[in-house]
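*Asks:* Below you'll find the structure I mean.
The values are calculated or read from the model by the stated rules, or taken from the named source; none is laboratory data. Just so you know, these numbers come straight off a predicted model, no measurement behind them. Ligands, DNA and RNA are stripped out before the accessible areas are found, and what is left, the full protein with its side chains, is counted by its heavy atoms. Shrake-Rupley method; radii C 1.70, N 1.55, O 1.52, S 1.80 Å.
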Amino acid sequence: ALDTAVDFFVRGFGARLQFRMDRPTDDAVMGAERLGLASHVQFALAMLELGGSRIELLQWWPAHGSTTPPDADLAGGSHVALDVADVAAALKALRSFEGVEVVGEPVTFALGATPGLTNAFVRTPWGALIELVTWQGAGH
């Protein structure tokens, strides 16, 4: 799953892999207890550079519970908005990724708090909701 996510951001958005920490193969303490989790919970991570910012991706091996992420409208659900040069072009490119679901086509807002903002939504192969955003005008 982590490899899929890294590939998605690298090929889809031009991110660069900074480093990886693989799942430990021994009983090494990963620091999950610092996140309020049991100390034996394990994870792997990848740090990416994306547009001058960093994004950290984690893959968990939980001690219990579901491995299916919650929908965006449920407790624990979330989405990430990514600024792209052209929403329609980014959406077209992402359609070619296996497992990507287009949730909403591009919409440009003329009124309200976000005039000039164009966005569209996709669901990643691992279930995350990604918002593609371009904001033209008003100094954005």
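*Asks:* Specify the residue that is modelled with the highest pLDDT; the eligible residues are those in the stretch 25-58 that are polar (S, T, N, Q) and farther than 28 Å from Ala85 by Cα.
*Replies:* So the first thing to find is which residues in the stretch 25-58 are polar (S, T, N, Q), and the list is 25, 39, 42, 53.
From what is left, the residues that are farther than 28 Å from Ala85 by Cα are 25, 39, 42.
Numbers: Thr25: 61, Ser39: 68, Gln42: 79.
Out of the qualifying residues, it is Gln42.
*Asks:* Now, a different point. Take the residues of the stretch 6-24 that are part of a loop (DSSP other than H, G, I, E, B) and open to solvent by 60 Å² or more (accessible area, probe 1.4 Å): which is modelled with the highest pLDDT?
*Replies:* Filtering the stretch 6-24 for residues that are part of a loop (DSSP other than H, G, I, E, B) and open to solvent by 60 Å² or more (accessible area, probe 1.4 Å), the one modelled with the highest pLDDT comes out as Asp22.
*Asks:* Same structure again: Filter the stretch 77-115 down to residues that are open to solvent by 70 Å² or more (accessible area, probe 1.4 Å) and modelled with pLDDT under 90 and give me whichever is farthest from Ser53 (Cα to Cα).
*Replies:* Out of the qualifying residues, it is Leu111.
*Asks:* Here's another thing I want to ask about it. Within the stretch 95-140, count every residue that is over 14 Å from Phe9 (Cα atoms) and assigned to a strand (DSSP E or B).
*Replies:* So the answer is 16.
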